[in-house]
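Have a look at the structure below before the remarks.
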Amino acid sequence: MLVEEAARILDLLGAETKIFNPRDLPVADFTGADHPKVRELRALALWSEGQVWCSPERHGAVTGVFKNQIDWIPLEIGSVRPTQGRTLAVMQVSGGSQSFNAVNTLRLLGRWMRMFTIPNQSSVPKAYEQFDQAGRMLPGPLYDRVVDVMEELVRFTWLLRDRSDYLVERYSERVAHFNLPENL
């Protein structure tokens, strides 16, 4: 429900959103990358300018379902990096008290995927109390924080639009691609 709320906010801010449903995504590395859910996930990663990652916190970490999604997105597909240079917002929901374990892990994963993770984040404790019967998040400070995070994601995405190639271009890749001398 938090992802759907974030998408509603992003839509109001003028962003185009798509939500990936991980149902039927196979466990990474046990089937080929030609599985329809794997192709869908990778296509969405390539399509996006920015992403919102949200995971429940379970046993103090992100869920295996969420990590499996990340494991299916390689750092490189051919010469294309499906996540490099994209902006990233991270959020978590918890059934109990406020925690930041899942968002910290999401930040780490985002860095490994060479994404620009925005400074703000959202952690929703006792998530079962934060949504109405229609699945809408209740007004209050936790909702306000989600709006703040989505606004920041949009702003950072605008700031990095058409500039991320410059920021992610690396010496090691130029050496490999252009067969340059290995020492400067």
Going through region 94-108 in order, the residues found to be of a type outside the set (D, E, K, R) and surrounded by fewer than 22 Cβ atoms within 10 Å (Cβ to Cβ) are S94, G95, G96, S97, Q98, S99, F100, N101, N104, T105, L108
Restricting attention to region 49-69, the residues that are closer than 29 Å to R161 by Cβ and either modelled with pLDDT under 95 or acidic (D, E) (or both) number exactly 1
Only one of (1) hydrophobic (A, V, I, L, M, F, W, C); (2) outside any helix (DSSP H, G or I); (3) at pLDDT 75 or above does not apply to M150, and that is (2)
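Check whether at least one residue in region 132-154 is closer than 21 Å to R114 by Cβ, in contact with a Gly (Cβ under 7 Å, 6 or more places away or on another chain), touching a residue at least 40 places away in the same chain (Cβ under 8 Å) and not basic (K, R), and report yes or no.
yes
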Checking the structure you have, find out if any residue of region 101-114 is modelled with pLDDT of 95 or more, basic (K, R) and either under 27 Å from L12 (Cα atoms) or in contact with a Leu (Cβ under 7 Å, 6 or more places away or on another chain) (or both). yes
Going through region 109-146 in order, the residues found to be in a helix (DSSP H, G or I) and buried (at least 17 other Cβ atoms within 10 Å of the Cβ) are L109, G110, A127, L142, Y143, V146
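Within the bounds of region 151-159, is there any residue that is over 13 Å from W53 (Cβ atoms), in contact with a strand residue (DSSP E or B) (Cβ under 8 Å, 6 or more places away or on another chain), charged (D, E, K, R) and surrounded by 14 or more Cβ atoms within 10 Å (Cβ to Cβ)?
Taking every residue of region 151-159 in turn, at least one turns out to be over 13 Å from W53 (Cβ atoms), in contact with a strand residue (DSSP E or B) (Cβ under 8 Å, 6 or more places away or on another chain), charged (D, E, K, R) and surrounded by 14 or more Cβ atoms within 10 Å (Cβ to Cβ).
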Selection status of V62, β-branched (V, I, T) and in contact with a Lys or Arg (Cβ under 9 Å, 6 or more places away or on another chain)
no
All-but-one check, H59 against (1) touching a residue at least 24 places away in the same chain (Cβ under 8 Å); (2) on the phi > 0 side of the Ramachandran plot, failing number (1)
Q: Please tell me if A127 is without any contact (Cβ under 8 Å) to a residue 24 or more places away in the chain, more than 19 Å from V154 (Cβ to Cβ) and aliphatic (A, V, I, L, M).
A: no
Just one listed residue, out of G14, G64, G32, is under 19 Å from Q92 (Cβ atoms), surrounded by fewer than 14 Cβ atoms within 10 Å (Cβ to Cβ) and small (G, A, S), and it is G64
Counting only residues in region 140-167 that are of a type in the set (F, W, Y) and over 16 Å from the mean Cα position of the chain (by Cα), the one farthest from R8 (Cα to Cα) is identified as Y166
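The values are calculated or read from the model by the stated rules, or taken from the named source; none is laboratory data. Worth saying up front: this structure is predicted, and the values here are computed from it rather than measured. In this analysis, Cβ positions are derived from the backbone assuming ideal geometry, glycine residues included, and neighbour counts consider all displayed protein chains.
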